[in-house]
1. Open to solvent by less than 80 Å² (accessible area, probe 1.4 Å), over 22 Å from residue 529 (Cα atoms) and touching a helix residue (DSSP H, G or I) at 6+ places or on another chain (Cβ under 8 Å): is that true of residue 346 in this structure?
2. So the check is Cβ under 7 Å with 6+ separation or different chains; which pairs have a first residue in the range 418-446 that's on the phi > 0 side of the Ramachandran plot and at pLDDT below 95 and a second one that's surrounded by 20 or more Cβ atoms within 10 Å (Cβ to Cβ) and hydrophobic (A, V, I, L, M, F, W, C)?
3. Kindly provide the set of residues from the range 518-573 that are of a type in the set (A, V, I, L, M) and in a loop (DSSP other than H, G, I, E, B), ordered by number.
4. If you scan the range 491-515, which residues turn out to be surrounded by 13 or more Cβ atoms within 10 Å (Cβ to Cβ), part of a loop (DSSP other than H, G, I, E, B) and not hydrophobic (A, V, I, L, M, F, W, C)?
5. Among 152, 124, which is under 28 Å from residue 268 (Cα atoms) and within 12 Å of the ligand (Cβ to nearest atom)?
6. Please identify the pairs in which a residue from the range 119-131 that is part of a loop (DSSP other than H, G, I, E, B) has its Cβ atom under 6 Å from the Cβ atom of a residue that is acidic (Asp, Glu) and near the ligand (Cβ under 10 Å from one of its atoms), counting only partners at least 6 apart or on another chain.
7. When residues of the range 159-196 are filtered for being in a loop (DSSP other than H, G, I, E, B) and either within 16 Å of the ligand (Cβ to nearest atom) or in contact with a Cys (Cβ under 9 Å, 6 or more places away or on another chain) (or both), how many remain?
8. Taking the range 231-250 on its own, how many of its residues are in contact with a helix residue (DSSP H, G or I) (Cβ under 8 Å, 6 or more places away or on another chain) and without any contact (Cβ under 8 Å) to a residue 24 or more places away in the chain?
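The values are calculated or read from the model by the stated rules, or taken from the named source; none is laboratory data. Predicted model only: the values in this text are computed from it and were never measured. No Cβ is skipped: glycine too gets one built from the backbone with ideal geometry, and neighbour counts run over all protein chains shown. Please note that ligands, DNA and RNA were not included when accessible areas were found on the heavy atoms of the full protein model with its side chains. Shrake-Rupley method; radii C 1.70, N 1.55, O 1.52, S 1.80 Å.
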Amino acid sequence: MQYLLELLSREVSTAFEAAGYPASAGKVSPSNRPDLCEFQCNGAMSLAKEAHKAPLVIAEEVAGKLKGSGTFSYVEAVKPGFLNMKLSAGYLTDYLQQMAEDPGLGLIPVETPEKIIVDYGGPNVAKPLHIGHLRSAVIGESVKRLARYVGNEVTGDIHLGDWGLQMGLIIHELSLRKPELCYFDEAYTGEYPEEPPFTLEELEEIYPAASKKSKEDEAYKAAAMEATFKLQRGVPSFTALWKHIMRLSVADLKKNYERLDVSFELWKGESDADKFIPDMVEKMKAEGFAVESQGALVVDISQEDDKKEIPPCMILKSDGAALYTTTDLATLVDREQSLKPDRVIYVVDKRQSLHFEQVFRCAKKTGIVPESTKLDFLGFGTMNGPDGGPFKTRDGGVMRLEVLLNDVYEEMLKKMEASDHELKGEEAKEAARIVALAAIKYGDLSNQATKDYIFDIDKFTSFEGNTGPYILYTVVRIKSILRKYKEQGGSLEGLKLREAASEEEKALMLTLSGFNRMLTGAFGELAPHRICAYIYEAANEFNRFYHSTKILTETDREKQEGWIALLELSRRVFEECLFVLGMKAPEKM
Ligand code: ARG
């Protein structure tokens, strides 16, 4: 279905033409003065000079052509040359009826679907998920769903940090704690055990302990690096240990991401890229891209128009070790061979922007990906605590994601119990879990991703204001009316929308009509916050309408059916938006 604004622009363009002006002046936009009109066109102003006429005169001529068009109920030229318009209620109803009859709600899918990889999540194995991982998961999931929703072929890849020093640290620490294990017996030739020689709890304690020691003790660090090196060389005993770490850790990660309603098609990691490194490096050398510099291997990626200096991209350190950049480049080699993506979107902390600038430039320069492949860095800001500094636990430590989820859940349950909500026991808890997740996600996604934001539990869990619970509460309200309507014997089948009878009803209808255009725009900018802004506006409009209209007690059948149709359309619009944001509304709350 064509965007409403597009249809209106065409109509107004035709009027400009009919009045003897270029059609290009007929662009219509939502009104800046909603108190005066719903839409406006500023085209007359730009024509004045050339036409040697006052813009108001031009606007008046065009307004004359639009009168009686059936599309607008009101058209007026106002000083200095605006065209102010209101849509006719009938036209709006027809548009929404078409939208209601379309299973896609009038969405216009992308013209050429692309194969897109969204690289998000990025947790490091053997470290518990902490709040630093929240944003990538929440934003990445939404971007993935959005890209898919508008018609692309999308794969999400978690890109585990599963190959670096943290693995060597764990293995080394383990060798000190349990030297008797067969993994550390060089003479051992048997099979390695199926059972891991540690629990997840131990693992989570081992890593920070080892990390701390390595910062204080050079020899310890050297030994951990040696262990990392041996692992990367494929020493069987270390590979066996690594697999144990992976299995325990990944199972736990899956559980945590599931709780967030975040899922990945690919559970690949840095380790999977490793085997692509030698050939990639050889090729870069052979083609003269990679050169030696102070013992290291680097690729110059500076460009003439650089405003600030972009350091060369380091491929191998002087000791021959690969770096974070190397891994990301090799991952692109892998992705190119297996999926040939048209576009890769990285959802990572914005402090890594230079790293990705280097990776992108190097990948294009060395031909790892074709020039046409789009590489996008969606860098997000920090989640801060109420004091404005990075979010911490009460005692100043890094907060585990689980703890945060539990805290928000407890708060949500408390607030729901304090309000006169209709659920009890397990049902109440289940609803609180759903709403708590929406509180967290909405609190994040309603901000522009690049900006830092303050994680404020009290605000995020409030039923009022621009919050997840407010949106869900609105959707639950709609569902409840629809349910009661059905309980009274009504059916949602074949209901037709009616012309708006009130200003509130029309405002809601106008907001709903913008669904398709909003989604296209949100995808174009990779901006879930635009979807949040849209549903917040829709929720406000819906509640205004709801408070001014007695729906269930209405005795005029036709009127009531029109409203029910409008409610059903609203519900669908809300639920589609929530789905794309990675949330859902409970039936009751
Ligand atoms: N594991 C990395 C970190 O914790 C994030 C990975 C981001 N994705 C990537 N392809 N580099 O910083």
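1. In short, no.
2. none
3. Within the range 518-573, 526, 527, 551, 552 qualify.
4. As a first pass, look at the range 491-515 and keep what is surrounded by 13 or more Cβ atoms within 10 Å (Cβ to Cβ): 492, 495, 497-501, 504-515.
Still in the running and part of a loop (DSSP other than H, G, I, E, B): 492, 495, 497-501, 514.
Selection gives 498, 499, 514.
5. None of the other options fit; the residue is 124.
6. Pairs that qualify, where the first residue is part of a loop (DSSP other than H, G, I, E, B) and the partner is acidic (Asp, Glu) and near the ligand (Cβ under 10 Å from one of its atoms), are 125/162.
7. The first filter runs over the range 159-196 and keeps only residues in a loop (DSSP other than H, G, I, E, B), leaving 159, 162-164, 178-181, 185-196.
Subset that is either within 16 Å of the ligand (Cβ to nearest atom) or in contact with a Cys (Cβ under 9 Å, 6 or more places away or on another chain) (or both): 159, 162-164, 188, 190, 192-193.
Selection size over the range 159-196: 8.
8. The qualifying residues number 1.
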